[in-house]
Amino acid sequence: MATYVQTVDIGHFATADEREALTREALTREVRRGLITRPRSLSPWMFYDAEGSRLFERITALPEYYPTRTERAILAGYADAIIAAAHGDRSSPLRLVELGAGTASKTCILLEAASRISDDVAYVPVDVCPDALELACQNVACALPEVRIRPIVRNYVTHPLQLEPFDGTTLALYIGTSIGNFSPEEARLILRNLGTQLRIGDALLLGTDMVKDEPTLLAAYDDREGITAAFNLNILDRLNRELGADFDPACFRHRALWNSVESRIEMHLESVQEQGISIEHADLDLHFTQGETIHTENSYKFTDRSIRTLLRDVGFEIRGAWKDCRGWYTLTLARVG
Ligand SMILES: C[S@@+](CC[C@H](N)C(=O)[O-])C[C@H]1O[C@@H](n2cnc3c(N)ncnc32)[C@H](O)[C@@H]1O
């Protein structure tokens, strides 16, 4: 099987060694930023090493985790309409650029629709996790051999995206409710950075999870099988492996809560006892009291109004929106004005 991620020009993260060094540097910076100050926090991109991506894939198949299957159903129903709204000039080439592509498990639905109306389709999956990206490339190459694939291993938070010029229409995909991991200010910054890489007439497809009843939301982030807990705790294993930390994951527990004021699910790791932790490569010695937490993830939930406000603030014009029948999830297509 072809190995995509190591054989293409991946810009900033040119080789596996360079990637490793940059990742370790970013992890070190992040633990110094997030674990010294209180309340303690870590950035959600840190979840996604090979094991974290594997666990995320398992989450997407859980009965409680409705976002993936809901988004997939919307794509299955409306992919042709979405592509038509994004790509007015059918004679020109079409490029789909996906931020946080993961394994691209749903993207083939859109790429198939794109291939139905254009015989020149390129796909640029962008992800911080090379293992997930490799699978994404294999999935797409297998299903759609005619699509040109140009993967980019990159952390779009620490290293904003820089796209090659493209003679055609670009449709940026930011699906999988990834925008929800960021505060409104951070989300605006990410979308503005993305906007600088797009031209007038290019488009963005944004996937957002909507506000709904609290039990449904909480169950999606605290499943009965404990896969989300394992995903959350894996961040500690990652720090042990990559930064020489000595966390005992058994001494922390997964907590999920709904913050109605901020309209977000929060995930935390709670220290079950008083304990000392050292992180060798970051030169850190930390002390945790019993019950002290590390805030590891936010997942903001949207309303039609908050989607409109976000996109208007960053200069995109909404051209269409598609929902499931319960209104649990929205895919919004917006054009660069
Ligand atoms: C919630 S998953 C969504 C995956 C996929 N888009 C989906 O819909 O199932 C988030 C993905 O974004 C990637 N990711 C998270 N933060 C990132 C960052 N700062 N830069 C690049 N990729 C990131 C993760 O590795 C992961 O594959």
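The values are calculated or read from the model by the stated rules, or taken from the named source; none is laboratory data. All values derive from a computational prediction rather than experimental measurement. No Cβ is skipped: glycine too gets one built from the backbone with ideal geometry, and neighbour counts run over all protein chains shown.
Observations on the model:
- A residue that is hydroxyl-bearing (Ser, Thr, Tyr), buried (at least 17 other Cβ atoms within 10 Å of the Cβ), modelled with pLDDT under 95 and more than 9 Å from the ligand (Cβ to nearest atom) occurs nowhere in segment 47-70.
- Taking the criterion of being loosely packed, with under 14 Cβ neighbours inside 10 Å, assigned to a loop (DSSP other than H, G, I, E, B) and of a type outside the set (Gly, Ala, Ser), the residues of segment 290-319 that qualify are Gln290, Thr303.
- Considering residues of segment 160-188 that are over 30 Å from Trp258 (Cβ atoms) and buried (at least 16 other Cβ atoms within 10 Å of the Cβ) only, the residue nearest to the ligand (Cβ to nearest atom): Leu161
- Residue, farthest from Val97 (Cα to Cα), within segment 144-159, restricted to residues that are more than 13 Å from the ligand (Cβ to nearest atom) and in contact with a Leu (Cβ under 8 Å, 6 or more places away or on another chain): Leu144
- Yes/no for Thr170 being assigned by TED's automatic domain parsing to the domain that holds Ala73, under 30 Å from Arg90 (Cα atoms) and not aromatic (Phe, Trp, Tyr): yes
- Taking each residue of segment 90-111 that is within 21 Å of Val128 (Cβ to Cβ) and not assigned by TED's automatic domain parsing to the domain that holds Asp49 and looking for partners that are within 11 Å of the ligand (Cβ to nearest atom) and in a loop (DSSP other than H, G, I, E, B) with beta-carbon atoms closer than 7 Å, six or more apart or interchain, yields Glu98/Ala104; Leu99/Tyr156; Gly100/Gly176; Gly102/Gly176; Lys106/Ile175; Thr107/Ala101.
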